[in-house]
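What follows is a single structure, written as structure tokens, with notes after it.
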Amino acid sequence: MENVAVKTEIHVPSHSGDVFPAWENFLHSIKISISSKFYDTFFSALAFGGMENGVLNISAPNEQIKNHLEKRYLTEMEQKGSEVFGHGIRISLSAPEEPKMDRPREKSQNKGIFINQSAYPGEIKLNPKYTFDRFVKGPSNDHALAAAIGVSKKPGEYHNPMYLYGGVGLGKTHLLMAIGNQVIADMPFHKVMYVPAEIFQSDLVEAIQNNSMPHFKAKYRNVDVFLFDDIQFISQRAEATQEEIFHTFNYLYQNKKQVVISSDRPPHELKKLTDRLRSRFQSGLIVDIKPPNLETRQAILQAKVSEMKITVPSDVIKYIATNLSTQIRVLEAALSKLHFTSEVENHPIDLQMAKIALRDLPIEDTVSQVSIDEILRLVSKKFHVQEEEIKGNSRVETIVMARHICMYLAKKLIPSMSLLKIAQAFGKTDHTTVIHAEKKIAEYMDSDEAIRVQILELEEELQF
Ligand code: ADP
Ligand code: MG
């Protein structure tokens, strides 16, 4: 196809996400279209390298990320780029050269991780904006915040390991990095390492292939604070990785080093995690982050507005907080999109603009879009039980179990629904039935791997 690219030319010296709304908008359009796991790992550290002759130059923090993006995301990125920068743009990715020689003795702490401010190319850096100051506190996250602050004050002393879990975009990475930023500020001699589980895993695979395990071990053990993000992405069959995580954690723990783990679910729901790893996590402090309530969402939006130094009338803030998803990522995307629209249209942000500009964003929390009917339909299909039977009074074991699973899923995935309402949806009259069902299912999931996997699959299907 002919290149009908736009002629825009923008030259910039370095990363400038804040300065170039179009770039920011591009990132946001990707952010809301893929899972946060991929976004955080592969997109959050990209830098805008300017536009030339219809080619959008992007620099990736390292070769690994660059290659992955080229392999998996180029088409999608060009598509999104075309929406923001103009039709038909192409994307050119670059990455800094890595000092490859003499790898095992390299002093560099290598790619994909962050250790204090060392300026080696190709690391995922702690985002300096992710601090405790910028974390808005509310009833949904105050325990997690308090635990994180506690850890940063006395790393390795209590709350070790700290296990933080919660849904997408609710601030887990922010808190992990805030711990890191705080420790570095207060205790400059402490070594802080931040690593997404996926990167740890691929680094391990590489170390095994290159016969550089001693180097790998030294690298991951020579730290005072180990921040391990998104452990749910350790692939199920990666036993070597689990072993290595276990040994790394054990080593750090025994040497009184702080370990902080994040996940999208509590330890007992991690599929196929080896028991000893799970019980290691359970021996520490487990805290969760829930979706923020309306008031907290408004406070977060206010904070972002002042950070971005833009003017957004309070009715617009309220509109966003009330109508859009509870995912903070989406709230941020909304502000960014409004900022962009107001610049392009050269018009101050108002409610009218918000209603039009935010049409494509997810309007409510994906979690609450799950319906009872949907749950019934899927459970009935998966367990070969009629929907009517599930809603009826049969005591046949498979039917009772299907009913319990429905209630369990409803309680988990439809937080706005009261226990009584859930009970009634399945033909029962007492809210304690739901609590009983939940307990039963939790027991099943703990003792029967096959059931656990089936239920997790259902959850995934429902939330899609
Ligand atoms: P997760 O890792 O849980 O998917 P992130 O930590 O990446 O979520 O958070 C998504 C975005 O929302 C980030 O930009 C983060 O700064 C912001 N955010 C999350 N929680 C808060 C909060 N309580 N106050 C301010 N910003 C928040
Ligand atoms: Mg994250």
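The values are calculated or read from the model by the stated rules, or taken from the named source; none is laboratory data. What you see is a predicted model; the values in this text were computed from it and never measured. For neighbour counting, all protein chains shown are included, and Cβ atoms are generated from backbone atoms with ideal geometry for every residue, glycine included.
Name the residue, out of Glu307, Glu269, that is charged (D, E, K, R), away from ligand 2 (no atom under 16 Å from the Cβ), surrounded by fewer than 21 Cβ atoms within 10 Å (Cβ to Cβ) and within 21 Å of the chain's Cα centre (by Cα). Quick ask: steps written out before the conclusion?
On the way: Glu307 fails: within 21 Å of the chain's Cα centre (by Cα).
Only one candidate qualifies: Glu269.
When Tyr165 is tested against (1) within 14 Å of ligand 2 (Cβ to nearest atom); (2) in contact with a strand residue (DSSP E or B) (Cβ under 6 Å, 6 or more places away or on another chain); (3) not basic (Lys, Arg); (4) not in a strand (DSSP E or B), only condition (4) is not met. Of the helices (runs of 4 or more DSSP H) entirely within the range 169-237, those holding at least 1 residues that are closer than 19 Å to Ile286 by Cα and within 24 Å of the chain's Cα centre (by Cα) occupy 172-186, 197-209.
Of the residues making up the range 155-185, just one is charged (D, E, K, R) and at pLDDT below 95, namely Glu157. Within the range 278-297, being assigned to a helix (DSSP H, G or I) and either within 16 Å of ligand 2 (Cβ to nearest atom) or buried (at least 20 other Cβ atoms within 10 Å of the Cβ) (or both) holds for Arg280, Phe281, Thr296, Arg297. Restricted to the range 365-387, and to residues there that are surrounded by 15 or more Cβ atoms within 10 Å (Cβ to Cβ) and outside any helix (DSSP H, G or I), the residue that is modelled with the highest pLDDT is Val385. Once the range 35-68 is narrowed to residues that are free of Cβ contacts under 8 Å to residues at least 40 places away in the same chain and part of a loop (DSSP other than H, G, I, E, B), the residue that is farthest from ligand 1 (Cβ to nearest atom) is Ala60. Restricting attention to the range 18-27, does a residue exist that is within 16 Å of ligand 1 (Cβ to nearest atom), loosely packed, with under 15 Cβ neighbours inside 10 Å, at pLDDT below 85 and not assigned by TED's automatic domain parsing to the domain that holds Phe200? Yes; the residues of the range 18-27 include at least one that is within 16 Å of ligand 1 (Cβ to nearest atom), loosely packed, with under 15 Cβ neighbours inside 10 Å, at pLDDT below 85 and not assigned by TED's automatic domain parsing to the domain that holds Phe200. The set of residues in the range 132-158 being within 16 Å of ligand 2 (Cβ to nearest atom), in a loop (DSSP other than H, G, I, E, B) and over 13 Å from Lys290 (Cα atoms) consists of Arg134, Phe135. Of the residues making up the range 154-168, those that are buried (at least 21 other Cβ atoms within 10 Å of the Cβ) and within 20 Å of the chain's Cα centre (by Cα) are Pro161, Met162, Tyr163, Leu164, Tyr165, Gly166.
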